[in-house]
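The block underneath contains the structure these notes are about, expressed in structure tokens.
The values are calculated or read from the model by the stated rules, or taken from the named source; none is laboratory data. From a predicted model like this one, the values you see are computed outputs, not experimental measurements. Backbone-built Cβ (ideal geometry, glycine too); neighbour counts: all protein chains shown.
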Amino acid sequence: MTIEKNLNGAELIVNIAGRLDTTTAPELEKELMDSIAGVTKLVLDFAELEYLSSAGLRVLLQAQKTMNKQGEMIVKNVNETIMEIFDVTGFTDVLTIE
Amino acid sequence: MEAINSNNKLIRKIILSMFGGSLAAMITTAIALMADTILAGVFFDKLAIAAVAVGTPIINIFQALTQSIINGASIKMNISAGKGESQEVQDSFSVAVFFTVIIGLIFAALGFTLADKLVDVFGGSPEIAGRAVWYLRGATGCIIFGNINLFMYKTLALFGEQKAILRSSLLAVVFNIVFSFIFVKIFPANMAIAGLGMGTWFGGIVSIVSSCLTLKKYGISFKIKFRSVKFAKVAHFVSHGIASSGNALADGVVSGVVNNVIVSGFNASGVLALSVFTAVKSVATFATAIIQAVNLSVAPLFGIMYGSRDRNGILRSYRESVRLAIIALGICAVVIMACSPILAKVYDMTGMADFYIGMAICMVFYLPLTALLRITTQFFESIEKVGIGFLYSAIPDSLIFPILLAILVPVFKYNGIWIAYSFNAIPFIIVLYILRSLKNRKISLSYDRIFCLDGDIRDNVPKIDISIKSDNRDVSFISEQVYTFLENEGVDKKTAHATALCLEELSADFVEHTVGEDTQKGENIIMDIKLFSDSDQLRTIIRNEAPMYNPLDFESDSDKLAKMGVKLAQKLAHSINYSYVYKMNIITIVIDKNKE
């Protein structure tokens with residue numbers, strides 16, 4: 001998995017490529033927690049994300065809870081396969097997906 | 001990370017972990033079988049020993065007649081466990097016990113009422129006939145409880161409870177002695193010997209209770225659903241279990257023929273020759289407890305692999321079991337040969353070259369060839385090839401052995417006995433191989449043909465067959481490998497994703513709950529992962545050797561976050577089944593192809 005971060009003022013855009021699974025999810029969690037302070041808008045770009053497991057969902061949920069207190073979080077460019085994961089888990093009701 | 005591509009590790013590890021307990025249990029069982037003979041000598045006299053010797057084969061024959069039900073039920077249970085059909089395992093268990101009791105009662109009644117006539121037929125001379133009759137009457141309960149006890153052991157073996165088998169068999173021996181003592185003391189003198197027989201099955205009842213308490217935690221009980229009592233089911237059990245029973249009966253008949261051939265082949269010294277052969281045979285028979293232990297250890301595994309249509313697992317289990325038997329028998333043979341002077345003294349055959357030669361030939365040739373035959377018999381029975389299993393069990397020692405004996409003994413005397421006894425498997429194997437080659441019109445046969453694997457198993461080679469450590473890095477790695485592999489095989493993205501995801505979620509859940517942070521064993525817990533491609537489905541089987549843990553067993557609302565992955569897998573998969581057998585957690589995940 002590769003993580004690319006772009007901070008524009010209080011907006012943080014994070015491009016995630018590859019797999020977000022049991023092994024890589026802790027890495028994303030650490031990157032977000034290290035960078036999220038003071039951010040009012042967090043954008044997660046899933047254009048190059050191929051695979052998402054429940055470990056990744058937990059990180060997203062944690063990030064969403066944090067951003068609910070300090071601003072907003074948007075997930076964009078979700079492919080069909082990962083969208084299905086969001087649908088069956090009910091995450092479409094929890095996340096803001098564009 | 002290292003994915004361990006050595007696929008024997010889990011199977012070898014499990015068989016080895018079962019073997020110690022199985023061996024101890026088989027040795028204890030062998031002692032239990034000798035108990036009445038020993039107790040007859042302790043409580044009574046030599047004539048009582050002879051009376052027990054007359055009565056015992058009669059009980060064994062009645063037991064053999066009813067054993068087909070439990071043998072067949074055991075095979076069915078092993079296969080059902082492999083398929084994850086827990087209810088079928090329980091139903092087969094309870095139905096088999098029910099019918100074994102019913103039919104056992106009938107035979108026990110026959111044995112009790114016809115005892116005097118049976119003793120007459122089986123060589124009860126006047127000075128021992130009275131005692132033999134009473135011993136037989138006392139022991140008729142063994143027809144029921146002896147078989148139920150044996151069935152308990154086979155069922156415990158299915159769940160990998162070899163220590164429980166050892167505990168139960170020890171209890172059987174101890175309480176046999178206790179009850180025998182009590183009954184011998186309280187019964188009138190003329191029928192006191194019946195107490196020995198009764199002590200055996202009372203000890204068996206204690207053993208059954210002990211076994212039941214262990215089986216309860218796996219949800220196995222005597223509770224019977226009468227709607228599952230179908231004669232077709234019992235007929236299925238009998239048809240699949242009759243090979244073992246038939247062989248036991250054939251052995252009993254043939255032993256009389258063999259004895260006569262030996263005695264007549266040596267003319268004046270026939271009785272001496274028979275005693276030498278009996279002595280060598282008894283030592284070899286004791287050593288075959290190792291083969292019985294291997295079979296007890298591995299029979300459930302054959303059935304489990306067959307039930308899940310795992311071709312590689314079936315063949316690996318066979319290979320590992322033969323390997324274990326040969327190594328263990330080799331060690332045993334060395335020990336026995338080192339002790340042969342002591343054995344010669346015990347049997348009063350010191351200085352008899354023929355005894356030593358017989359022992360050497362049996363240890364080197366008879367034991368490994370017998371191991372091959374018996375494990376192969378067990379293998380064929382476990383994969384429902386009952387007819388072939390019966391051929392392997394009956395033809396060499398019940399047909400070829402006496403024929404070879406009749407040909408060789410007049411010419412080669414003692415050496416003729418050892419050659420016939422040790423090598424009777426070889427003509428059978430050669431002839432069978434030739435016949436199968438002719439049938440298949442090929443000289444060299446594949447393993448699939450040799451082991452008569454059906455098409456749906458023969459062709460069911462897993463696309464992925466790998467063992468990994470129970471470690472999250474390995475789990476993620478395998479999930480990625482599976483995803484990439486399936487994409488390269490032309491499987492649509494959604495199906496590939498669902499398969500890889502379900503595999504990861506269930507494996508990760510296993511790792512979390514069966515390999516804790518504080519356990520030192522984490523590195524040694526191996527997971528087998530196999531992926532099969534059926535026509536319209538992908539089937540993933542995950543097996544790990546760990547304490548029982550069912551990832552599918554949780555309250556739907558509790559700990560939502562912790563079980564999110566399992567719930568996700570349940571929604572993506574066509575079905576997910578769990579079973580715990582043979583000390584293995586087994587998860588079978590089925591994904592429909594062409595989800596796009």
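Considering the conditions (1) modelled with pLDDT under 80; (2) buried (at least 19 other Cβ atoms within 10 Å of the Cβ); (3) of a type outside the set (Gly, Ala, Ser); (4) farther than 28 Å from B:Ile304 by Cα, B:Val52 is excluded by exactly one of them, (1).
Where in chain A are the helices (runs of 4 or more DSSP H), entirely inside, with at least 1 residues that are more than 14 Å from chain B (Cβ to nearest Cβ)? Let's see the steps before the verdict.
Working: elements: A:25-35, A:54-70, A:80-89.
Those helices (runs of 4 or more DSSP H) span A:25-35, A:54-70.
Checking B:Val271, B:Val263, B:Val258 one by one, the residue that is crowded, with 20+ Cβ neighbours inside 10 Å and either without any contact (Cβ under 8 Å) to a residue 12 or more places away in the chain or over 30 Å from B:Ala96 (Cβ atoms) (or both) is B:Val258 and no other.
Residues in segment A:43-63: is at least one within 30 Å of B:Ser470 (Cβ to Cβ) and loosely packed, with under 14 Cβ neighbours inside 10 Å? No, because not a single residue in segment A:43-63 is within 30 Å of B:Ser470 (Cβ to Cβ) and loosely packed, with under 14 Cβ neighbours inside 10 Å.
Once segment B:436-462 is narrowed to residues that are acidic (Asp, Glu) and not in a helix (DSSP H, G or I), the residue that is nearest to B:Ile79 (Cα to Cα) is B:Asp454.
Could you list, in sequence order, the residues of segment B:335-360 that are in contact (Cβ under 8 Å) with a residue 24 or more places away in the chain and either surrounded by fewer than 19 Cβ atoms within 10 Å (Cβ to Cβ) or within 11 Å of B:Phe277 (Cα to Cα) (or both)? It would help to see each step written out before you state the result.
Going residue by residue through segment B:335-360, those that are in contact (Cβ under 8 Å) with a residue 24 or more places away in the chain are B:336-337, B:343, B:347, B:349, B:352, B:354-355, B:357-359.
Of everything in segment B:335-360, those that are in contact (Cβ under 8 Å) with a residue 24 or more places away in the chain and either surrounded by fewer than 19 Cβ atoms within 10 Å (Cβ to Cβ) or within 11 Å of B:Phe277 (Cα to Cα) (or both) turn out to be B:Met337, B:Tyr347, B:Met352, B:Asp354, B:Phe355, B:Ile357, B:Gly358, B:Met359.
For B:Ile417, are the conditions met, namely being touching a residue at least 60 places away in the same chain (Cβ under 8 Å), β-branched (Val, Ile, Thr) and over 28 Å from B:Gly72 (Cβ atoms)?
Values: touching a residue at least 60 places away in the same chain (Cβ under 8 Å): yes; β-branched (Val, Ile, Thr): yes; over 28 Å from B:Gly72 (Cβ atoms): yes.
Here the answer is yes, as B:Ile417 does meet what is asked.
Picking from residues in segment B:484-502 that are at the interface with chain A (Cβ under 10 Å from one of its Cβ atoms) and of a type in the set (A, V, I, L, M), the one that is nearest to A:Leu20 (Cα to Cα) is B:Leu501.
In the set (1) surrounded by fewer than 21 Cβ atoms within 10 Å (Cβ to Cβ); (2) in contact with a helix residue (DSSP H, G or I) (Cβ under 6 Å, 6 or more places away or on another chain), B:Ala243 fails one condition alone, (1).
Going by what's in this entry, would B:Ile443 be described as aliphatic (A, V, I, L, M) and modelled with pLDDT under 85? Explain how you work it out, then say what you get.
Values: aliphatic (A, V, I, L, M): yes; modelled with pLDDT under 85: yes.
Yes: the conditions hold for B:Ile443.
Among the residues of segment B:430-439, at least one is away from chain A (no Cβ under 14 Å), surrounded by 14 or more Cβ atoms within 10 Å (Cβ to Cβ) and in contact (Cβ under 8 Å) with a residue 40 or more places away in the chain.
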